[in-house]
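Engineer: First, the structure itself, so that you have it in front of you.
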Amino acid sequence: MKKPKLISEEIIYQGSSTKVHMAKVKFESGEVVEWDHAHGSDVVVMLPLDTNNDVYLVKEWRIAWRDYVLQVPAGGVESKDEKGRLKQVHNELKEEIGMDGMEVEKLIDCMLAARTKSLFSIYLVRDLYPAKKDPDPDEYLEIIKMPFDKAYEMFISGKVLTTSYTLIAFLMVKQKLAL
């Protein structure tokens with residue numbers, strides 16, 4: 001199958017973290033279609049796990065849901081290289097849970113969605129130690145520490161709605177560590 005040809009593209013909306021594009025695309029059949037698609041920030045995602053197999057989660061009010069969301073720590077990242085992403089992992093851990101980790105292992109990179117250009121990179125962080133940094137001015141977080149198995153069951157059962165990257169992080173860590 002031949003790739004469609006991009007005829008034109010323009011930004012129809014630009015916010016602080018998202019741009020929406022409108023594109024005209026011509027397929028091999030000759031059909032021309034218009035598609036909108038979003039470009040968002042890339043995100044680093046961390047599952048912090050201590051020596052007792054407790055995880056550190058953050059509860060934060062989110063405008064899109066008009067409610068509090070319980071999830072693993074995460075934050076936007078501008079860097080495309082791994083060194084810059086790792087620096088942001090450490091930064092987000094300090095800001096969001098007041099901890100950092102000696103052992104950081106990348107688990108996977110994932111697309112946010114097929115029509116949203118945003119990559120999220122998931123990391124397992126262990127050997128945690130206290131390391132405080134003030135949160136961003138717009139972050140009002142509650143840190144919740146709980147056993148991995150309890151959090152896993154809560155999210156996987158659907159009893160608590162969470163982000164897709166939180167679910168993926170828990171599934172990957174469960175498989176990796178056979179918890």
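The values are calculated or read from the model by the stated rules, or taken from the named source; none is laboratory data. Nothing here was measured: the structure is a model prediction, and the numbers come from that model. Here the Cβ positions follow ideal geometry from the backbone for every residue, glycine too, while neighbour counts run over all protein chains shown. The area values use the complete protein model at the heavy-atom level, side chains included, leaving out ligands, DNA and RNA. Shrake-Rupley method; radii C 1.70, N 1.55, O 1.52, S 1.80 Å.
Engineer: How would you rank 157-163, 39-45, highest first, on the average number of other Cβ atoms within 10 Å across their residues?
Structural biologist: So the order, starting with the most tightly packed, is 39-45, 157-163.
Engineer: Does the range 133-179 come out rounded, prolate or oblate by the C-alpha gyration tensor, with a ≥ b ≥ c the root eigenvalues, rounded set by a/c under 1.5 and, if not, prolate when a/b is larger than b/c and oblate if not?
Structural biologist: prolate
Engineer: Semi-axes, largest first, in whole Å: what does sqrt of 5 times each Cα gyration tensor eigenvalue give for the range 83-179?
Structural biologist: 21, 18, 16
Engineer: Just to be sure I understand: of the beta bridges DSSP finds with both ends in the chain, what percent are antiparallel, rounded to 5?
Structural biologist: 85 percent
Engineer: A further question follows. With +1 on each Lys and Arg Cβ and -1 on each Asp and Glu Cβ, and nothing else charged, work out how big the dipole of the range 77-141 is about its Cα centre, in Debye to the nearest 20.
Structural biologist: So the magnitude is around 280 debye.
Engineer: Where Lys and Arg each count +1 and Asp and Glu each count -1, what net charge lies around ASP127 among other residues with Cβ under 13 Å from its Cβ?
Structural biologist: -3
Engineer: Label-point separation (nm) for GLU9 and MET102, each offset 7 Å from Cα along Cα-to-Cβ?
Structural biologist: It works out to 4.5 nm between the two label points.
Engineer: Given a 1.4 Å probe and heavy atoms of the protein chains only, how would you sort SER164, SER121, largest accessible area at the top?
Structural biologist: These residues rank, largest area first, as SER164, SER121.
Engineer: While we're looking at this one, here's another question. Would you kindly calculate the translational diffusion coefficient of the chain, applying Stokes-Einstein with the Kirkwood radius from alpha carbon pairs, for 20 °C and a viscosity of 1.002 mPa s, and quote it in µm² s⁻¹ without decimals?
Structural biologist: 120 µm²/s
Engineer: Which net charge results when you count Lys and Arg as +1 and Asp and Glu as -1 among the other residues whose beta-carbon is under 14 Å from that of LYS2?
Structural biologist: +1
Engineer: How much accessible area per residue does the range 27-112 have, counting only protein heavy atoms and a probe of 1.4 Å, in square angstrom?
Structural biologist: Computed with neighbouring chains in place, this is 54 Å² per residue.
Engineer: Right, another one. Heavy atoms only, probe 1.4 Å: what % of the accessible area of the chain goes to carbon and sulfur, would you let me know?
Structural biologist: So the carbon and sulfur contribution to the accessible surface is 54 percent.
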